[in-house]
Amino acid sequence: MALRRLRACFSRRAQASIASTAQARAVEEVLCSRSWPEVLQLLSSRGDVDASTLDLEQQDLTDRWSDTGVLEAFVCIGVEVHPFRNQHSDSTLALQWAADAFVNLRDQHRRTSALSTEWGTWGPVRDRACSTGADEALRLFGEAVSTLHERLSLHDVVRGGVGKKVSDALLHGMHLLHLRPHMRDDRRGSRDRSLLDSVLAGALAANWLLFRMVRLLTRPSQRQRTEWVCSTTVAALGGVAFTGATRIQRMLTDDGASTTGLGTTAEPLEPCVRCPLCRIVSPAGRAIQDVRAGDSVPCCCVCTEQKANVCLLCGHLCLCGDCFKHLPRSTAVAA
């Protein structure tokens with residue numbers, strides 16, 4: 001019995017050491033990067049390449065990487081360096097730089113502008129000031145996970161599907177978003193978060209098992225599509241399972257439902273928007289669009305050009321349809 005306990009103790013210490021090494025490596029890879037594409041690992045090269053080679057790869061990125069590709073890269077890097085999961089002292093800074101890279105590469109126009117920058121003489125990002133703060137980085141990460149989850153589709157697997165790596169990252173991201181503040185400390189919240197941890201472990205195990213079965217049982221011509229279908233399904237069902245686990249956890253702890261500023265119940269992954277006037281957060285899906293209220297309707301408070309035709313849940317008719325579509329989204333947990 002004593003020998004078994006000793007082995008278990010050594011096993012736990014070895015696992016902790018391996019996890020700590022992996023966390024430090026993830027943070028260092030981000031902070032030793034010299035450019036936004038390197039931060040998101042869109043470039044295979046590191047700081048020892050010459051400027052001419054880097055420029056060619058930067059120009060190629062404009063055509064090779066889509067908006068979805070950058071989004072998926074940010075989620076994959078974000079879950080590795082997220083301070084709720086990574087205990088390294090510089091994990092918050094690494095997440096800030098990952099979010100900063102995502103902001104500057106998230107669409108074609110920004111990529112074209114950002115990739116024209118001369119990075120050959122830049123040093124590691126850890127030696128420079130990051131324009132994205134910690135709170136903004138956390139918000140952007142939550143927005144990215146929510147957006148990627150919403151885009152999942154089995155109807156068009158090429159556009160709405162994800163592979164195993166992205167599916168695993170999305171599951172980890174949804175797990176992080178569902179952790180309430182007191183659960184983020186393993187020592188204090190391990191008991192309360194056990195249900196969410198079990199859902200994550202089960203989803204990751206199912207994803208791995210399906211991946212191995214597809215590799216063994218399907219033809220090479222059908223393998224990639226089948227893998228994407230399985231991984232996308234696991235990620236979608238994982239979101240449902242996390243939501244259910246969160247509700248059960250609230251019922252067991254008698255903690256009530258998460259609410260927005262108006263006291264209306266919002267799902268943990270439901271996109272929310274903040275009213276530009278009163279700053280109250282409400283679910284985006286419950287806003288009333290295409291409101292027709294005559295000539296007395298005020299102009300949109302954002303663009304000040306179009307008539308306002310979107311009424312938020314707080315009661316303010318203050319946005320046009322275009323500005324409402326571009327209004328930053330966050331999740332009910334992050335909000």
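The values are calculated or read from the model by the stated rules, or taken from the named source; none is laboratory data. Please read these numbers as outputs of a predicted model, since none were measured by experiment. No Cβ is skipped: glycine too gets one built from the backbone with ideal geometry, and neighbour counts run over all protein chains shown. Surface areas here come from the heavy atoms of the whole protein model, side chains and all, with no ligands, DNA or RNA. Shrake-Rupley method; radii C 1.70, N 1.55, O 1.52, S 1.80 Å.
A crude spin-label estimate for the pair residue 286 and residue 201, with each label 7 Å from Cα along the Cβ direction, gives 3.6 nm. The relative contact order of the stretch 67-137, computed from alpha carbon pairs under 8 Å that lie at least 6 residues apart in sequence, is 36 percent. Residue-wise HN-Hα couplings along the stretch 96-103, as the Karplus relation 6.51 cos²θ - 1.76 cosθ + 1.60 with θ = phi - 60° gives them from phi, are 4, 6, 5, 5, 5, 5, 4, 4 Hz; Gly and Pro carry x.
Solvent exposure of residue 109, expressed as accessible area, is near 150 Å², computed with a probe of 1.4 Å over the protein chains only. In this label model, residue 219 and residue 22 are separated by 3.6 nm, measuring between points 7 Å along each Cα→Cβ vector. Computed 3J(HN,Hα) for the stretch 74-90, one whole-Hz value per residue from the Karplus formula 6.51 cos²θ - 1.76 cosθ + 1.60 where θ = phi - 60°, is 5, 5, 4, 6, x, 5, 6, 10, 4, x, 6, 10, 9, 8, 5, 5, 9, glycine and proline marked x.
The amide H of residue 318, built 1.01 Å from its N in the peptide plane, has 310, 312 as neighbours under 5 Å, considering only residues 5 or more places off or on other chains.
Order of 23-34, 139-150 by packing, highest average Cβ count within 10 Å first?
Working: 23-34: 19.2, 139-150: 22.2.
Ranking, from highest mean packing down: 139-150, 23-34.
The modelled label-to-label distance for the pair residue 134/residue 154, using points 7 Å beyond Cα in the direction of Cβ, is 4.2 nm.
With the whole protein complex present, residue 74 retains an accessible surface near 0 Å², based on a 1.4 Å probe.
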